[in-house]
1. Could you tell me which residue of the stretch 231-270 is surrounded by the fewest Cβ atoms within 10 Å (Cβ to Cβ), considering only residues that are of a type in the set (A, V, I, L, M) and at pLDDT 95 or above?
2. At pLDDT 95 or above, surrounded by 14 or more Cβ atoms within 10 Å (Cβ to Cβ) and within 30 Å of Pro301 (Cα to Cα) - does that describe any residue in the stretch 335-354?
3. Within the stretch 11-30, can you find the residues that are open to solvent by 70 Å² or more (accessible area, probe 1.4 Å) and either in contact (Cβ under 8 Å) with a residue 24 or more places away in the chain or not in a loop (DSSP other than H, G, I, E, B) (or both)?
4. Tell me the strands (runs of 3 or more DSSP E) entirely within the stretch 55-162 that contain at least 1 residues that are over 26 Å from Val251 (Cα atoms) and of a type in the set (A, V, I, L, M, F, W, C).
5. Pick from Thr110, Thr69, Thr123, Thr127: which is at pLDDT 95 or above and farther than 30 Å from Val146 by Cα?
6. How many residues does the stretch 85-110 contain that are among the charged types (D, E, K, R), closer than 29 Å to Leu421 by Cα and open to solvent by 40 Å² or more (accessible area, probe 1.4 Å)?
7. Identify the residue in the stretch 99-129 that is under 16 Å from the mean Cα position of the chain (by Cα) and touching a residue at least 12 places away in the same chain (Cβ under 8 Å) and, among all such residues, is farthest from Val28 (Cα to Cα).
Amino acid sequence: MELKLYNSMTQQKEIFTPKVPGKVGMYVCGVTAYDYSHLGHARAAVAFDVLYRYLRHLGYEVTYVRNFTDVDDKIIRRANELGEDPLSLSARYCREYQFDMANLQCLPPTIEPCVSKHVEQITDMITQIIDSGYAYVVDKDVFFAVDKSQNYGKLSGQKLEHNRAGERVVVDSRKRNPADFALWKAAKKGEPSWDSPWGHGRPGWHIECSAMSARYLTSKFDIHGGGIDLIFPHHENEVAQSCAACQESNVSYWMHNGYVTNSNEKMSKSLGNFFTIRQITDRYHPLALRHFLISAHYRSPLNYTVLQVERSSDAVFNIYQILQDYEVALSSFREGDLKVAHITPATQVCINDLRREFQTRMSDDLNTSHILTGASFQDALKFINSCLKMLKKEQPEQQQLSMFKSLVELEEEVKSVLRILGLMPPSTYSEVVEQLKANALKRAGLVEEDVLRLIEERATARKNKDFARSDEVRTDLSAKGIALMDEGKETIWRPCVPVEQVQRAPSVENTTKGSSSSSN
């Protein structure tokens, strides 16, 4: 199927056609690294990781560039507060970000450039912009003259006359137009600075991405991505300055992911509803968070609630419990036995349906929102479950081998879907199951010994016909997100969505300790 992607520049879905057949150049704006990364950063990273994975699945050779802003006003302010060197502080939080991304199963980009290592490329581009008449120097600062850019506003739809500074910030009187933006900032005492044709200073924010994308992908490449909040002014300014430096500059597809809200309110530090990735993954498995992040279309707003993450955690547990049961069942068979077997027609239909639905949704602008909850994926899981139950019954050897062969083929297709969505960690199925159970116990404020003791107490109550106490134990545990399952004479437990739907359940710790870095 032809891949269609929504282009923010044209505001419509377009068939994806790379500039060079078989190869894709993709640049995604990364983080300003001065603190732990937050849920908005996670959403952008996961959205473009899914795109990266799918393009590779389609056979493209992808050069994926995601930058770090390690020189910025926010970094300098935070470093001064902590009494730390700005570049040292930023490098530390770049490493923390990479840790979070690995935890969320995001593949490392091909290149992760940072501003401090590309000042030469930045000053070269600024020189080109000045030479072309689109920028001017004032007291060792360099400003981009927006009124020189005839198409300014074509990405965001912003009218230049509406883009007035001064309502909320003090206008720099040295600017020819209040909307002009800094390409180079003159050095100030205590700030990192580099030499340039205009004196010591440091780059402005917007120029870094134009310079680094041109450095690694040339002035013409396929995809430029980032959060929707970056369309204006960051990406609008990128378009203007890149075209000023090189008239042939062109990005084929501008892509942007939607906002993250918290209980339908915009996340902000002032409201105290601003969560870091660490605060969430301290309580929920990273796969649960990733599942939640792809549960809505990447362009749609994503509303964070504890209930939604609980549901994602439960869905991931169900997937991996089924896969673990498959793995245990298959361990009793030798691979050689399956080579002569054939999958059943029903299995082939199930595989074809799953493959077709997955490709259809992914090719439609990466519509991940209903893949894992859709009929085909859920039918595949149910089919695996039903096959596992049938294997417990006596049947002819050839029929049993056919059933196992069917399971192997279907599991591989399910695994392929999970891998492309980034939901296949390096750990085993059983390890994921145990990790999810450990997280559930932590949220419930229990250890497994507590649950086993309560299971024993419930068994005793049932034996004594004290059904009120038996029901009470089960209900209390369900309210805490622990479900008891009676299987024959044995009772086991598994995580579940808390029955009281989180009204009493603790949210991610309501604190902004270590708040968060701002997205670039």
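The values are calculated or read from the model by the stated rules, or taken from the named source; none is laboratory data. Computed from a predicted model, the values in this text were never measured in an experiment. So basically every Cβ, Gly included, is an ideal-geometry build from the backbone, and we count neighbours across all protein chains shown. SASA here: full protein model, heavy atoms, side chains in, ligands and nucleic acids out. Shrake-Rupley method; radii C 1.70, N 1.55, O 1.52, S 1.80 Å.
1. Ile231
2. yes
3. Gln12, Lys13, Ile15, Thr17, Lys19, Val20, Lys23
4. Hits in the stretch 55-162: 135-138.
5. Working: Thr69 fails: farther than 30 Å from Val146 by Cα; Thr123 fails: farther than 30 Å from Val146 by Cα; Thr127 fails: farther than 30 Å from Val146 by Cα.
On inspection, the qualifying residue turns out to be Thr110.
6. Summing the residues that are among the charged types (D, E, K, R), closer than 29 Å to Leu421 by Cα and open to solvent by 40 Å² or more (accessible area, probe 1.4 Å) in the stretch 85-110 gives 3.
7. Among them, the one singled out is Asn103.
Residues are listed down the side, and each one gets a yes or a no for (1) among the polar types (S, T, N, Q); (2) open to solvent by 70 Å² or more (accessible area, probe 1.4 Å); (3) within 30 Å of Arg278 (Cα to Cα); (4) part of a helix (DSSP H, G or I):
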{"site": "Lys442", "(1), (2), (3), (4)": "no, yes, yes, yes"}
{"site": "Arg462", "(1), (2), (3), (4)": "no, yes, no, yes"}
{"site": "Lys465", "(1), (2), (3), (4)": "no, yes, no, no"}
{"site": "Ala468", "(1), (2), (3), (4)": "no, yes, no, yes"}
{"site": "Arg474", "(1), (2), (3), (4)": "no, yes, no, yes"}
{"site": "Ala483", "(1), (2), (3), (4)": "no, no, yes, no"}
{"site": "Asp486", "(1), (2), (3), (4)": "no, no, no, no"}
